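*Asks:* Below you'll find the structure I mean.
The values are calculated or read from the model by the stated rules, or taken from the named source; none is laboratory data. Note that the structure is a prediction, hence the values are computed from the model and not measured. Note: ideal-geometry Cβ built from the backbone for every residue, glycine included; neighbour counts use all protein chains shown.
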Amino acid sequence: MSSTDAVFRFAPSPNGELHLGHAYSALVNHALARASAGRFLLRHEDIDTARCTPAFERQVEEDLGFLGIAWDESPRRQSDHMQDYAAALESLAAEELVYPGFMSRGEIKVHAERFEEEAGRPWPCDPDGAPLYPGLDRHASTKERETRMSEGERFAWRLDVERAIEMVPALTWDEHGASPVGESGTIVARPLEWGDVVLGRMDIPTSYHLSVVVDDAIQGVSDVVRGRDLFYATSIHRLLQALLGLPVPRYHHHGLILGDDGRKLSKSAQDTSLRSLRAAGMTAEDIRRMVGLPGQPGDDDAAAEVRRPGSSATG
């Protein structure tokens, strides 16, 4: 791949104010794109229509402009491309790799608690700490599924991970950052750790996992640079890429910028939001220094990212 083929992206969800972690991720992606004579893209991951708003979308773009970040084509807005995700979901359904799961998060939690109480041992959780879906609907008959769906019972389209793994060879990815335990280089994907993840819902034909791999392929993203909190999710992304015949980007997961309490920043932490810092008189150079980057934009930003573990929680 020549340097001009390099494509980086910053893909926040416009459901709140950007914080210092987002600023770091956007600045690093932008610097790496410019250092490689590649392209930098902005994507609005707004499939959560209940929380994402045009106002937050405009604010994202204003904050990036304040930081001196320009993108190379019109931003991709996920809500404008639901047909792309629906087509991917349909192709998986044609291979009988997805099924409707009717248990809510609350019901899954109750199931896990009941199991732990009766069995005296923990119910398995995914890498994010959520109890795994028990797969009770995985082997339901077509008639039962159709009846429950026709009666309006809420459901989510779940990936039959065990069946999916049988259809693809062993999966790896090329990691240029480091895992939460320090791994880098060739990483073996472990999608079973996630169980039967949600790929779509009855009213939205996608989820984060599905839309992110479809978007990266459509946009020709060559390098995914994102927070280390998404390192383990790459296992599911690699599985979906293999099932859908999508190209595999290089990955670089970086550490997280933490708050004073030692926890990952969130959009509810107003004291670290870019808008609050701007209102307090902070300059773009101040923000860059706060996240550990040089005070002035330049190609040395990319080298700074390789040298230090900073970062954000964007996808």
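*Asks:* Name the residues in the stretch 206-217 that are of a type outside the set (Ser, Thr, Tyr) and out of contact with any strand residue (DSSP E or B) (no Cβ under 8 Å at 6 or more places or on another chain), would you?
*Replies:* Taking the stretch 206-217 first, the residues of a type outside the set (Ser, Thr, Tyr) are 209-210, 212-217.
Within the stretch 206-217, Val212, Val213, Val214, Ala217 meet the criteria.
*Asks:* For the stretch 166-177, indicate whether the set of residues that are in a helix (DSSP H, G or I) and surrounded by 13 or more Cβ atoms within 10 Å (Cβ to Cβ) is non-empty. Can you show your working first?
*Replies:* Of the stretch 166-177, the ones in a helix (DSSP H, G or I) are 166.
Now restrict to residues that are surrounded by 13 or more Cβ atoms within 10 Å (Cβ to Cβ): none.
There is no residue in the stretch 166-177 that is in a helix (DSSP H, G or I) and surrounded by 13 or more Cβ atoms within 10 Å (Cβ to Cβ).
*Asks:* Within the stretch 86-109, identify whether any single residue is surrounded by fewer than 18 Cβ atoms within 10 Å (Cβ to Cβ), in contact (Cβ under 8 Å) with a residue 40 or more places away in the chain and under 20 Å from the mean Cα position of the chain (by Cα), and answer yes or no.
*Replies:* yes
*Asks:* Just give me the residues in the stretch 70-98 being part of a loop (DSSP other than H, G, I, E, B), of a type in the set (Asp, Glu) and under 20 Å from Ala11 (Cβ atoms), in sequence order.
*Replies:* Asp72, Glu73
*Asks:* Turning to a different aspect of this structure: Out of the residues in the stretch 1-12 that are in a loop (DSSP other than H, G, I, E, B) and modelled with pLDDT of 95 or more, which is surrounded by the fewest Cβ atoms within 10 Å (Cβ to Cβ)?
*Replies:* Residues of the stretch 1-12 in a loop (DSSP other than H, G, I, E, B): 1-2, 6, 11-12.
Narrowing the set further to residues that are modelled with pLDDT of 95 or more leaves 6, 11-12.
On the way: Ala6: 20, Ala11: 25, Pro12: 26.
Within the stretch 1-12, the match that is surrounded by the fewest Cβ atoms within 10 Å (Cβ to Cβ) is Ala6.
*Asks:* Further question on the same structure: Is the stretch 20-40 home to any residue that is more than 18 Å from Asp223 (Cα to Cα), of a type in the set (S, T, N, Q) and outside any loop (DSSP other than H, G, I, E, B)?
*Replies:* no
*Asks:* Residue pairs, Cβ under 7 Å, 6 or more apart or interchain, first in the stretch 175-191 and farther than 16 Å from Pro127 by Cβ, second surrounded by 13 or more Cβ atoms within 10 Å (Cβ to Cβ) and β-branched (Val, Ile, Thr). List them.
*Replies:* Thr186/Thr172
*Asks:* Does the stretch 41-55 contain any residue that is at pLDDT 95 or above, in a helix (DSSP H, G or I), in contact with a strand residue (DSSP E or B) (Cβ under 9 Å, 6 or more places away or on another chain) and on the phi < 0 side of the Ramachandran plot?
*Replies:* Checked the stretch 41-55: no residue is at pLDDT 95 or above, in a helix (DSSP H, G or I), in contact with a strand residue (DSSP E or B) (Cβ under 9 Å, 6 or more places away or on another chain) and on the phi < 0 side of the Ramachandran plot.
*Asks:* Can I ask one more? Evaluate the following for Arg77: is it at pLDDT below 95, in contact with an Asp or Glu (Cβ under 7 Å, 6 or more places away or on another chain) and not small (Gly, Ala, Ser)? Step through it out loud before you land on a result.
*Replies:* Values: at pLDDT below 95: no; in contact with an Asp or Glu (Cβ under 7 Å, 6 or more places away or on another chain): yes; not small (Gly, Ala, Ser): yes.
No.
*Asks:* Could you pull out every one of the helices (runs of 4 or more DSSP H) wholly within the stretch 198-315 that has 2 or more residues that are at pLDDT 95 or above and within 30 Å of Glu95 (Cβ to Cβ)? Break it down stepwise before answering.
*Replies:* Working: elements: 208-218, 234-244, 274-279, 284-290, 300-307.
In the stretch 198-315, the matching helices (runs of 4 or more DSSP H) lie at 208-218, 234-244.
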